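K.L.:
Here it is: the structure, laid out below.
The values are calculated or read from the model by the stated rules, or taken from the named source; none is laboratory data. A quick note: this is a predicted structure, and the numbers were derived from the prediction, not measured. Cβ sites come from the backbone with ideal geometry, for glycine too, and all protein chains shown count toward neighbours. Quick note on the areas: whole protein, heavy atoms, side chains included, nothing else; ligands and nucleic acids left out. Shrake-Rupley method; radii C 1.70, N 1.55, O 1.52, S 1.80 Å.
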Amino acid sequence: MDRALTDDDDPLIDDDQEAYVPPPPVSTDIPAPRTETPEAPEAPRGGGAATGRAYGPAAPPYAPTSPYAPAAPPVDAARRVRPCWQCGHPLPPGTSSCPECLEPTRHLRLIGSRPRLDLRHGEGAPLRLGRHPVWARPEVFGALQCEREVSRCHAVVQLAPDGTLWLTENPRGTANGTYVNHERIPRGGRVRLEDGDVIGLGEKVAFTVLLPDPAG
Ligand SMILES: [Zn+2]
């Protein structure tokens, strides 16, 4: 405060700045010293250092909104309302199918970098992987159509109603084989998958299969 008063060109503004010293670390997008100037006109009215003090306590309220504070109150993940993976409708915890689009909340996610693919598929119906323009799921066909190593009807991934996940190769087999975590499965075989398994259609095309939180 004494320092503020000795700064003769504009002691009040300076004093005001002092009061705002705490906020700058709070938010990086507020260029600290400059943003206070809008507030400055208020200070002179108070006339002197006394008001400078009065502004002092104003700073603390900024603290709780600090982005550095624990961002969101730690909400129990299981209790969070989440959007339906299919339509985005909010799902109350424990919902097994979306009240809006009726899709089961349980689903699998298939992610690939070659070819680039990221899709979700509900439980029940098989997710058809191949280069067949009608048989395969459209997004899959779109991603695989130029991958000559992949058979037209290569394999299906299916999330069973009991939550288990299965990969089944075309019963007639495929030219280049189907792999789980780089290990070839028997011709026309059916194997159980785990969350995070990598399935290969031939040796070059691979996808990771995930089992997201049902309401995630
Ligand atoms: Zn929905």
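K.L.:
Suppose accessible area is computed on protein heavy atoms with a 1.4 Å probe; arrange Glu203, Glu147, Glu100 from highest to lowest.
P.N.:
Highest to lowest solvent-accessible surface, that is Glu203, Glu100, Glu147.
K.L.:
Further, regarding this structure: Between Thr208 and Thr168, how many nm apart are label points set 7 Å from Cα along the C-beta direction?
P.N.:
Using points 7 Å along Cα→Cβ, the separation is 2.7 nm.
K.L.:
I've got another one for you. With a probe of 1.4 Å, find how much accessible area segment 104-210 has per residue, and write the answer as a whole number in Å².
P.N.:
50
K.L.:
Hey, another quick one. For segment 104-210, give the percent of accessible area contributed by carbon and sulfur heavy atoms, probe 1.4 Å, rounded to a whole number. Working shown, then result.
P.N.:
Values: 2560 of 5310 Å².
Percent of accessible area from carbon and sulfur atoms in segment 104-210: 48.
K.L.:
Ok, one more. What FRET efficiency do you get for Arg187 and His89 if R0 is 35 Å and r is their Cβ-Cβ distance, rounded to the nearest 0.05?
P.N.:
0.25
K.L.:
Which of rounded, prolate or oblate describes segment 104-210 when judged by the alpha-carbon gyration tensor and an a/c cut-off of 1.5?
P.N.:
It is rounded, given that a/c, with a ≥ b ≥ c, falls under 1.5.
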